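The values are calculated or read from the model by the stated rules, or taken from the named source; none is laboratory data. If you're wondering where the values come from, they're calculated on a predicted model, not measured in any experiment. Cβ: placed from backbone, ideal geometry, glycine included. Neighbour counts: every protein chain shown. Remember, those area values only see protein heavy atoms, side chains included, never the ligands or the DNA or RNA. Shrake-Rupley method; radii C 1.70, N 1.55, O 1.52, S 1.80 Å.
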Amino acid sequence: QVQLVESGGGLVQAGGSLRLSCTASGRTFSNYAMNWFRRAPGKDCEFVAAISRGGSTTDYADSVKGRFTIARDNAKNTVDLQMNSLKPEDTAVYYCAARISYSGNPDWDAMTYWGKGTLVTVSL
């Protein structure tokens with residue numbers, strides 16, 4: 001089992017920044033590719049970003065490319081999502097998710113472990 005806990009969500013004005021963090025416990029963190037997904041009100045779960053086990057490979061949804069950065073620290077068992085130039089359409093609950101194998105655009109139902117999410121609200 002891997003336990004994932006997200007933090008860092010909150011309310012921010014459009015154009016601002018937030019940094020989300022996900023802390024893992026349980027099995028060896030470096031064995032897992034890590035991902036961020038989000039679910040906006042009334043919408044399906046959407047892939048945001050992925051990072052490989054060693055951190056050398058990353059991928060992003062087109063909607064966040066150039067604005068969001070995913071990074072991990074295997075020594076600290078954390079994966080962060082730096083979000084810049086936030087837009088109201090980025091408002092969502094953001095989830096950290098883990099799976100053994102890496103995919104650049106994974107489906108939400110391919111994840112093995114999920115956190116409970118953290119709410120990000122971007123106001124005009």
Which of 32, 13, 95, positive extreme of dipole for the chain (C-beta unit charges)
32
Per residue, what accessible area does the chain have, given a 1.4 Å probe and all protein chains present, in Å²?
50
Heavy atoms only, probe 1.4 Å: what % of the accessible area of the chain goes to carbon and sulfur, would you let me know?
47
Can you return the aspartates and glutamates within cross-link range of residue 87? Criterion is Cα-Cα under 15 Å, with same-chain partners fewer than 8 residues away left out.
62
Normalise the Cα radius of gyration of the chain by 2.2 N^0.38 Å (N = residues in it) and let me know the number.
0.96
Near the amide H of residue 87, under 5 Å away, which other amide H atoms are found, from residues 5 or more places off or on another chain, if H is placed in the peptide plane?
15
